[in-house]
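Quick notes on the structure that follows.
The values are calculated or read from the model by the stated rules, or taken from the named source; none is laboratory data. Given the structure is predicted, the values throughout are model-derived calculations rather than measurements. As a convention, Cβ positions derive from the backbone with ideal geometry for all residues, glycine included, and neighbour counts pool all protein chains shown. All accessible areas refer to the heavy atoms of the entire protein, side chains included, with ligands and DNA or RNA removed. Shrake-Rupley method; radii C 1.70, N 1.55, O 1.52, S 1.80 Å.
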Amino acid sequence: MFQFNYVKAKSLSDAQALIAANPDAKLLSGGMTLIPTLKQRLAQPSHLVDIGGLSELRGIEVNDAQLVIGAATRHHDVATSPVVKKTLPALASLAYQIGDPQVRNRGTLGGSIANNDPAADYPAAVLALDATIVTNKREIGASDFFQGMFATALEEGEIVVRVRFNIPKRAAYEKFAHPASGYAMAGVFVADGSAGLRVAVTGAASGVFRWSEAEQALTKKLNFAALEGLPLDLTNMNEDIHATREYRANLARVMTKRALLNMLAQK
Amino acid sequence: MTKIELTVNGTTHSREVEDRALLVDVLRDHLQLTGTHIGCDTSQCGCCTVHVDGRAVKSCTMLAVQAAGADIVTIEGLSNGDQLHPVQQAFTDCHALQCGFCTPGMIMAISAFLKDNPHPTDDEIYHGLEGNLCRCTGYINIVKAVKRSAKLMK
Ligand SMILES: Cc1cc2nc3c(=O)[nH]c(=O)nc-3n(C[C@H](O)[C@H](O)[C@H](O)COP(=O)(O)OP(=O)(O)OC[C@H]3O[C@@H](n4cnc5c(N)ncnc54)[C@H](O)[C@@H]3O)c2cc1C
Ligand code: FES
Ligand code: FES
């Protein structure tokens, strides 16, 4: 790692001031992505501003048919929260599938969506549930937030404070995890909620996306057969040593079916 | 450089560390607690697992300054004097190690896991061990040791 100065922010406004005063500073939350990046010398921040312990950024609550989760809330806390398990069990299940216990004990919701790894799990839920990302400056809708591989609508130094998830009637997440890393080769979040029937796919392509053909077909007829033979655009599918485009597209189809079955089995 | 206090295995230490120093390096090089191993240094293998405020973390993926003020337990602090911790005892009983390199991390991960989940199913055990790799025992005896630990802890 290159040298940097570590500062523990005392509050959100303190973090904001520290970031503003140091243009080459970076936010540190759980560090599960940033520390490995620093170790590989892929980034050289002047300062790390640690927001991981800020109580203003933590917590889980239900407010007006929305589940509101602070950006620095750890994956473990989402996975095990009685509130999440009751109101949005699919999100608790998604969080339980991230990485491994040690990663879930440190990694946070805000860090995951700010990083927007194309194989990360949370972006699928954020998009399928039409969540709102609340930052220190504004509110951003999920469809504007994710902008392709590792890119988001966040401006330099903008801080994700919390995420508001619309609580759906029912929802499910299914992922085909890479056997070594645990990241999604394809992960599909299906939600039946206020924004209609939504199908968000992560892992398969260069960024999380909505499979609109599946959404339309399922809106007409909410059953398994509706998914048969639907087109799925291969242009942006990832292709690497782990899987071809076609294989990933097939995984996305299979995960969509599994998520649908899982969702339909709920009351 | 930053001056930090760490409580490790019940003793509070004060040390001046580089901001970029990893917790695992401070444990091993400053405090000579070399029971915590570095297997991969890339957050994959779990050899470096310790408890920070009661939760299992990979100490190769945490800065020592992030742990300032925290209560840390390493493999050296798990037993009660000469009396082995139930997970240590179970590893001995079930022959859950061969070279032993992964063992400290396995034991720290499992002892934390069983606190959350005292009566795990097989699937929960596999899921709970996701963060730890063993390159020689194979996992059969390690899984046996988790079950035995759960019994011993009753
Ligand atoms: C072994 C391993 C396996 C993993 N497996 C998975 C997996 O299966 N699925 C998955 O989804 N993820 C996985 N991850 C990634 C993990 O979920 C991380 O927790 C997550 O990607 C980043 O969250 P963090 O809190 O650790 O962020 P950090 O590493 O602290 O930060 C990541 C980036 O986000 C920025 N940032 C952090 N917080 C904020 C904020 N509030 N506002 C604005 N910017 C912010 C930082 O500046 C940095 O650029 C894995 C990680 C590891 C090490
Ligand atoms: S050395 Fe920390 S996970 Fe391998
Ligand atoms: S006992 Fe040798 S690596 Fe696990």
Picking from A:190, A:126, A:134, the residue that is touching a Lys or Arg at 6+ places or on another chain (Cβ under 8 Å) and closer than 18 Å to residue A:210 by Cβ would be A:190
task: Taking residue B:122 as the residue in question, decide whether it is away from ligand 2 (no atom under 16 Å from the Cβ) and either over 19 Å from residue B:57 (Cβ atoms) or polar (S, T, N, Q) (or both).
output: yes
Exception for residue A:76 within (1) touching a helix residue (DSSP H, G or I) at 6+ places or on another chain (Cβ under 6 Å); (2) more than 9 Å from every other protein chain (Cβ to nearest Cβ) falls at (2)
Worksheet entry | Boolean, residue B:89 is open to solvent by 10 Å² or more (accessible area, probe 1.4 Å), outside any loop (DSSP other than H, G, I, E, B), within 14 Å of another protein chain (Cβ to nearest Cβ) and at pLDDT 95 or above | no
Only one of B:60, B:47 is outside any helix (DSSP H, G or I) and within 15 Å of ligand 1 (Cβ to nearest atom), namely B:47
Counting only residues that are free of Cβ contacts under 8 Å to residues at least 40 places away in the same chain, farther than 19 Å from residue A:95 by Cβ and within 10 Å of ligand 1 (Cβ to nearest atom), the range A:34-80 contains a total of 5
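Conditions tested, residue by residue: (1) in the same structural domain as residue B:9 (by TED's automatic domain parsing); (2) over 16 Å from residue A:104 (Cβ atoms); (3) within 16 Å of ligand 3 (Cβ to nearest atom); (4) out of contact with any Lys or Arg (no Cβ under 7 Å at 6 or more places or on another chain).
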| residue | (1), (2), (3), (4) |
| --- | --- |
| B:69 | yes, yes, no, yes |
| B:73 | yes, yes, no, yes |
| B:94 | no, yes, yes, no |
| B:100 | no, yes, yes, yes |
| B:129 | no, no, yes, yes |
| B:139 | no, yes, yes, yes |
| B:146 | no, yes, yes, yes |
Taking the range B:33-51 and keeping only residues that are out of contact with any Asp or Glu (no Cβ under 9 Å at 6 or more places or on another chain), at the interface with chain A (Cβ under 9 Å from one of its Cβ atoms) and open to solvent by less than 10 Å² (accessible area, probe 1.4 Å), one is left with B:49
Inside the range A:99-112, the number of residues satisfying the requirement of being open to solvent by less than 20 Å² (accessible area, probe 1.4 Å) and in a loop (DSSP other than H, G, I, E, B) is 2
Flagged in the range B:52-66 as at the interface with chain A (Cβ under 9 Å from one of its Cβ atoms) and of a type in the set (Gly, Ala, Ser), in numbering order, are B:56
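Residue by residue, here is whether (1) in a helix (DSSP H, G or I); (2) buried (at least 18 other Cβ atoms within 10 Å of the Cβ) holds:
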residue: A:2; (1), (2): no, no
residue: A:15; (1), (2): yes, yes
residue: A:56; (1), (2): yes, no
residue: A:61; (1), (2): no, no
residue: A:76; (1), (2): yes, yes
residue: A:84; (1), (2): yes, yes
Note: among B:54, B:77, B:81, just one is out of contact with any helix residue (DSSP H, G or I) (no Cβ under 7 Å at 6 or more places or on another chain), open to solvent by 20 Å² or more (accessible area, probe 1.4 Å) and under 21 Å from residue A:52 (Cα atoms), namely B:54
Residue B:24: passes all of (1) within 16 Å of ligand 2 (Cβ to nearest atom); (2) farther than 24 Å from residue A:99 by Cβ; (3) not hydroxyl-bearing (Ser, Thr, Tyr) but (2)
The condition of being more than 29 Å from residue A:93 (Cα to Cα), within 14 Å of chain A (Cβ to nearest Cβ) and not aliphatic (A, V, I, L, M) holds, among B:69, B:131, only for B:69
Here the residues within the range A:17-40 that are away from chain B (no Cβ under 14 Å) and either assigned to a loop (DSSP other than H, G, I, E, B) or modelled with pLDDT under 95 (or both) are A:23, A:24
